[in-house]
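Novice: One structure, pasted below without further comment.
Where a number appears in this text, it was derived from the coordinates with a stated rule and is not lab data. Computed from a predicted structure; not experimentally measured.
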Amino acid sequence: MMDGLLTYKEDGSTIGFEFKTKSNTPSQVKNIKEPQPSHIQQCVAYSLLFDVDEFLLVYEGVAKSKWSSNDEAYPDTKAFYVRPTEREKTWLLDKFAEVTRNVEDGELSRPDYSKCLFCPYKTICEEYGSGV
């Protein structure tokens, strides 16, 4: 689910809020030039679900230079404005329609195993072969 909705008191406009943390290296977020494509796609899905057209996507780096030290985490944040386009919405709806057709026809969609790390259904793919 979306992390939140921010409402501007002056005019009542609403913007979606999505918060992402990175913990690989202390300067990981500083080096980000644009949002990850999967995070943009997530905003597109939320736009369709919640009828919200604008999003604030905030990345925070929480890595310390030495996790065993008492140093504070390196402050590293970056924010991006995302406004899903009609083309992006149509692409995502077409993707969902393809998955629905495949389910109705009893066919498995071609898997993208790079997306399986945190997927709660990956054992189903393993059951049908070519698992993670």
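Novice: A 26 angstrom limit on the alpha carbon distance is what I want to check against. Which of Lys78/Lys122; Lys30/Lys115; Lys9/Lys95 exceed it?
Specialist: Lys78/Lys122; Lys9/Lys95
Novice: Let me ask another. Extension gain Asp3-Glu126, at 0.36 nm per residue separation less the Cα-Cα distance, in nm?
Specialist: Net length gain for the segment: 41.2 nm.
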